[in-house]
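Participant: Can you keep this structure in mind? I'll have questions shortly.
The values are calculated or read from the model by the stated rules, or taken from the named source; none is laboratory data. Just so we're clear, the structure is a prediction, and the values are computed from it rather than from any experiment. Note: ideal-geometry Cβ built from the backbone for every residue, glycine included; neighbour counts use all protein chains shown.
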Amino acid sequence: MLVALIFVALSPQRAFAQRSHPLDVVIVGGRVIDPETKLDAVRTVGIKDGRIVSVGAAIPAARDTIDAKGLVVAPGFIDLHSHGQDSTNYQYLARDGVTTALELEVGTYPIPPWYAEREGKSLINYGASASHIGARRAMLDHDSTAEGADVLAETGAFVNSPIEHGRLGELQQRLDAALNDGALGVGMGINYTPAATRDEIMQMFVVAERHHRPVFVHVRWPGLLENTGGMAAVQEVIADAAATGASLHVVHVTSMGLGATPGLLRLIDGARARGLDVTTEAYPYSAGATMLQSAVFNPGFREAFGIDYKDILWLGTGERLTAESFDRYRKQGGLVVIFSIPDSVVDQAYRDPNVMVASDGGFRVQNGALVGHPRSAGTHARILGQFVRERRVLSLMDGVRKMTLLPARRLEKVDPQMKRKGRVQAGADADLVVFDPARVIDRATFEQPTQYSEGIIDVLVNGTFVVRASSLVQGVAPGRAIRARH
């Protein structure tokens, strides 16, 4: 836990130094929420050189003073599951209070060019895992040109061809190299590579454990194996974690469990209670989204997800699909929204104290237009506006904790700088969000997903404003790499 810096007992020399060298920013009169110390009180936050240097009653001199009376000052939100890793998506994330967005489910392959592309150019902090899918494509299709989640729009041997046991060492070597290059873990979308055997999946856990990195996994189809609602799929990866000692993070638990989500949470919580390092997340919507041409929609998907064609929304036109339009658009390829998650299970998931918030978002250009799920713009404001204020599923402290401290702790062993994030304490990085608790809300909808959230007033990344007075700040790029440190 970081130690608060108290200004009351300053020596005369330190007081003179304080007057001579004012802070960069002070945020005055806000209700400060720090989920680690449970602080929930009006305090002044002082910032210098990208760090918080004080949280207290005194108001030190500063070059810039923000009056936050009536507003909440919280750690910047950390999104472990963000496919929107470009300047356009970073703007929507920043307007939603996000200061760190990480591509951990799918990851990317190779690692060095991905990080190099963003260095010195990013509005918010960024990072990625090593992509099992991408490494598989590079090995079987000799193609590593698809960055991040773009690989989900591709087809080839990497999707439908098994790798014999004797060649798994080659795939492990590719992931070894990516982890040596600083990847935050191993990202696995098992649902997108149905030909990957259980042996292959377990061998990837072996690689992750060898580097002491987590595995971030989208498990196999929900509903398979006697309509278990994802139970068997989660049991598979928990068994792999137990057998190898690897840390495990199960992504979007509600879209994997559907109506059986409470059972999945019992599995995960039971594994944690017995000493396994297993965590999970959920997004606050009753619909997911993915590429229609992906293996997720192979024959049997309707039974697996308990849906029909009419439950799929084609984002290009806003139409619900039929058997005929499904076949036509699948050949074309593109992003769709899938309405499959009961509203009640989202509430149930968030009432579990260990379930984090993560968006699984990302806008992409499709037929010349920016399309996507509303979670790409509104996940975090939706938690604060609907789940905290309007429906009281969560307390404010719990809502903030699920979006800040919990995701920071997931990565602290991988990158020590995460110990300075997700907190409002002296010594922490000045990644902060200032929001109006009375009016913060998501405005993005399935019909109009590219709508900025409301009530997010100021956002700072490493002490630099990226949102000020509810507007994006132009010409700044304070985002830094979140990367494994050897």
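Participant: How many residues, within region 244-278, are more than 16 Å from Met231 (Cα to Cα) and touching a Pro at 6+ places or on another chain (Cβ under 6 Å)?
Facilitator: Of the residues in that region, 1 qualify.
Participant: Might you check whether a residue that is closer than 30 Å to Ile383 by Cα, out of contact with any helix residue (DSSP H, G or I) (no Cβ under 7 Å at 6 or more places or on another chain) and surrounded by fewer than 24 Cβ atoms within 10 Å (Cβ to Cβ) occurs anywhere in region 120-129?
Facilitator: Start the filter on region 120-129 by keeping residues that are closer than 30 Å to Ile383 by Cα, which leaves 121-129.
Filter once more, keeping what is out of contact with any helix residue (DSSP H, G or I) (no Cβ under 7 Å at 6 or more places or on another chain): 121, 125, 127, 129.
Among the residues that remain, those that are also surrounded by fewer than 24 Cβ atoms within 10 Å (Cβ to Cβ) are: 121.
Scanning region 120-129 turns up at least one residue that is closer than 30 Å to Ile383 by Cα, out of contact with any helix residue (DSSP H, G or I) (no Cβ under 7 Å at 6 or more places or on another chain) and surrounded by fewer than 24 Cβ atoms within 10 Å (Cβ to Cβ).
Participant: Tell me the helices (runs of 4 or more DSSP H) entirely within region 203-285 that contain at least 3 residues that are surrounded by fewer than 18 Cβ atoms within 10 Å (Cβ to Cβ). It would help to see each step written out before you state the result.
Facilitator: Working: elements: 224-227, 231-244, 253-257, 261-273.
The qualifying helices (runs of 4 or more DSSP H) are 224-227, 231-244, 261-273.
Participant: Checking the structure you have, find out if any residue of region 385-394 is among the hydrophobic types (A, V, I, L, M, F, W, C), modelled with pLDDT under 95 and either surrounded by fewer than 24 Cβ atoms within 10 Å (Cβ to Cβ) or outside the structural domain of Ser286 (by TED's automatic domain parsing) (or both).
Facilitator: If we filter region 385-394 for residues that are among the hydrophobic types (A, V, I, L, M, F, W, C), which is where we start, we get 387-388, 393-394.
If we keep only those that are modelled with pLDDT under 95 as well, we get none.
No, that holds for no residue.
Participant: Looking only at region 112-148, count how many residues are at negative phi, in a loop (DSSP other than H, G, I, E, B) and either of a type outside the set (S, T, N, Q) or over 20 Å from the mean Cα position of the chain (by Cα) (or both).
Facilitator: Number satisfying all stated conditions: 10.
Participant: Could you pull out the residue among Val42, Val25 that is at pLDDT 95 or above and crowded, with 18+ Cβ neighbours inside 10 Å?
Facilitator: On the way: Val42 fails: crowded, with 18+ Cβ neighbours inside 10 Å.
Among Val42, Val25, only Val25 is at pLDDT 95 or above and crowded, with 18+ Cβ neighbours inside 10 Å.
Participant: Give the number of residues within region 86-98 that are touching a residue at least 60 places away in the same chain (Cβ under 8 Å) and either more than 20 Å from Val473 (Cβ to Cβ) or over 11 Å from the mean Cα position of the chain (by Cα) (or both).
Facilitator: Residues that pass the stated criteria total 9.
Participant: From Ala208, Ala243, Ala233, which residue is in contact (Cβ under 8 Å) with a residue 12 or more places away in the chain and either outside the structural domain of Ala282 (by TED's automatic domain parsing) or touching a strand residue (DSSP E or B) at 6+ places or on another chain (Cβ under 6 Å) (or both)?
Facilitator: Details: Ala243 fails: either outside the structural domain of Ala282 (by TED's automatic domain parsing) or touching a strand residue (DSSP E or B) at 6+ places or on another chain (Cβ under 6 Å) (or both); Ala233 fails: either outside the structural domain of Ala282 (by TED's automatic domain parsing) or touching a strand residue (DSSP E or B) at 6+ places or on another chain (Cβ under 6 Å) (or both).
Result of the check over Ala208, Ala243, Ala233: Ala208.
Participant: Taking Asn180 as meeting all but one of (1) farther than 20 Å from Leu248 by Cβ; (2) touching an Asp or Glu at 6+ places or on another chain (Cβ under 8 Å); (3) of a type in the set (S, T, N, Q), write down the number of the exception.
Facilitator: Condition (2) is where Asn180 drops out.
Participant: Report yes if Gly70 is out of contact with any Cys (no Cβ under 8 Å at 6 or more places or on another chain) and surrounded by fewer than 23 Cβ atoms within 10 Å (Cβ to Cβ), otherwise no.
Facilitator: On the way: out of contact with any Cys (no Cβ under 8 Å at 6 or more places or on another chain): yes; surrounded by fewer than 23 Cβ atoms within 10 Å (Cβ to Cβ): yes.
In short, yes.
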